[in-house]
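In what follows, a structure is listed as structure tokens, so that the remarks can point back to it.
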Amino acid sequence: MLKLRQMLEEHHLGQTVLFEYASSRAAIADHANALREVVAGLPPESPISFVGHSMGNIVLRHAFADWEAAGDQAVLGRVESVVMLGPPNQGAAIARQLAKMPAYGWLAGQGGLELGPDWKQLEQSLGVPPCPVGIVAGRLPEGFTNPLVGEAGDFVVSVEETRLPGAEVLEVNQLHSLLMDDLQVQQATAAFIEHQHFPD
């Protein structure tokens, strides 16, 4: 996320804080708790925008559900926008397929299982950000579909899996792991944070 961070700072959108987590070493709820601790340490009056990639968006949605359950308006009232890059908002077909392999749970950890076979249970603990949400979905050209995904997408997450009610969607021709390095995506992310919508 470093190149994206640099772009946001060049647009003078405020101080950026990178949240890192070991995705395969704990449950999504645990990562959400860690994220909430980071947010609790931010200056209390500052507005907040979030940018997440892939599973990070599910961690963020869990954190939103936790803030809502706690009635934490001190945080919720400060969030101005959320940009999600390649979010598996409907779970991930690729995780469900790979979970059939015995080693998947060991390699991907509990979080990987939660995005796949355990999605229905996890989904009950996820919230929807109460602010403008922009979703960047990768859509590769026809013929570049991953059979483990089964639909048009970024080779890891399908376009349909990124959907979230009320969100604005921007589709780009880019691979899942390169979304944050794409100049168009970086510029669109900066624009969404500044104006709460993607450029036309």
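Residue-by-condition table, conditions (1) aromatic (Phe, Trp, Tyr); (2) in contact with a strand residue (DSSP E or B) (Cβ under 7 Å, 6 or more places away or on another chain); (3) at pLDDT 95 or above; (4) more than 21 Å from Val185 (Cβ to Cβ):
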position	(1), (2), (3), (4)
Gly56	no, no, yes, no
Asp72	no, no, yes, yes
Gly77	no, no, yes, yes
Pro87	no, yes, yes, no
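In the range 3-23, the residue that is surrounded by the most Cβ atoms within 10 Å (Cβ to Cβ) out of those that are within 16 Å of Asp181 (Cα to Cα), of a type in the set (A, V, I, L, M) and under 16 Å from the mean Cα position of the chain (by Cα) is Leu4. Evaluate the range 89-112: report whether one residue or more is modelled with pLDDT of 95 or more and aliphatic (A, V, I, L, M). No, every residue in the range 89-112 fails to be modelled with pLDDT of 95 or more and aliphatic (A, V, I, L, M).
I'm checking my understanding of the structure. Among residues of the range 164-200 that are of a type in the set (D, E, K, R) and assigned to a helix (DSSP H, G or I), which one is farthest from Gly91 (Cα to Cα)? Reasoning before the result, please.
The initial filter retains those residues of the range 164-200 that are of a type in the set (D, E, K, R), namely 168, 171, 181-182, 194, 200.
Of the ones still in play, those that are also assigned to a helix (DSSP H, G or I) are 181, 194.
Details: Asp181: 24, Glu194: 29 Å.
The residue in question is Glu194.
Scanning the range 168-187 for residues that are out of contact with any helix residue (DSSP H, G or I) (no Cβ under 6 Å at 6 or more places or on another chain), touching a residue at least 24 places away in the same chain (Cβ under 8 Å) and buried (at least 20 other Cβ atoms within 10 Å of the Cβ) yields a count of 2.
Does any residue in the range 21-44 that is closer than 11 Å to Gly111 by Cα and assigned to a helix (DSSP H, G or I) come within less than 9 Å, Cβ to Cβ, of a residue that is modelled with pLDDT under 90 and of a type in the set (S, T, N, Q) six or more places away or on a different chain, and which pairs are these? If the second residue must be modelled with pLDDT under 90 and of a type in the set (S, T, N, Q), the pairs left are Ile28/Gln110; Asp30/Gln110; His31/Ser23. The residues of the range 141-167 that are of a type in the set (Val, Ile, Thr) and touching a residue at least 60 places away in the same chain (Cβ under 8 Å), listed by number, are Val156, Val157, Thr162. The criterion of being in contact (Cβ under 8 Å) with a residue 24 or more places away in the chain and under 20 Å from Glu9 (Cβ atoms) does not hold for Leu76. I need the full set of residues from the range 79-102 which are within 21 Å of Glu151 (Cα to Cα), touching a residue at least 60 places away in the same chain (Cβ under 8 Å) and not in a helix (DSSP H, G or I), in order please. Of everything in the range 79-102, those that are within 21 Å of Glu151 (Cα to Cα), touching a residue at least 60 places away in the same chain (Cβ under 8 Å) and not in a helix (DSSP H, G or I) turn out to be Met84, Leu85, Gly86, Pro87, Pro88, Asn89, Gln90, Gly91, Ala92. Surrounded by 14 or more Cβ atoms within 10 Å (Cβ to Cβ), of a type in the set (Asp, Glu) and not in a helix (DSSP H, G or I) - does that describe any residue in the range 131-151? No: the range 131-151 contains no residue that is surrounded by 14 or more Cβ atoms within 10 Å (Cβ to Cβ), of a type in the set (Asp, Glu) and not in a helix (DSSP H, G or I). Quick one: count up the residues across the range 73-128 that are surrounded by fewer than 18 Cβ atoms within 10 Å (Cβ to Cβ), farther than 26 Å from Leu175 by Cβ and of a type in the set (A, V, I, L, M). Matching residues across the range 73-128 total 3. Within the range 46-73, which residues are touching a residue at least 24 places away in the same chain (Cβ under 8 Å), over 17 Å from Ala27 (Cβ atoms) and part of a loop (DSSP other than H, G, I, E, B)? Ser46, Pro47, listed by residue number.
The values are calculated or read from the model by the stated rules, or taken from the named source; none is laboratory data. The shown structure was predicted, so the numbers you read here are calculated from the model rather than taken from an experiment. Glycine gets a Cβ as well: all are built from the backbone with ideal geometry, and neighbour counts include every protein chain shown.
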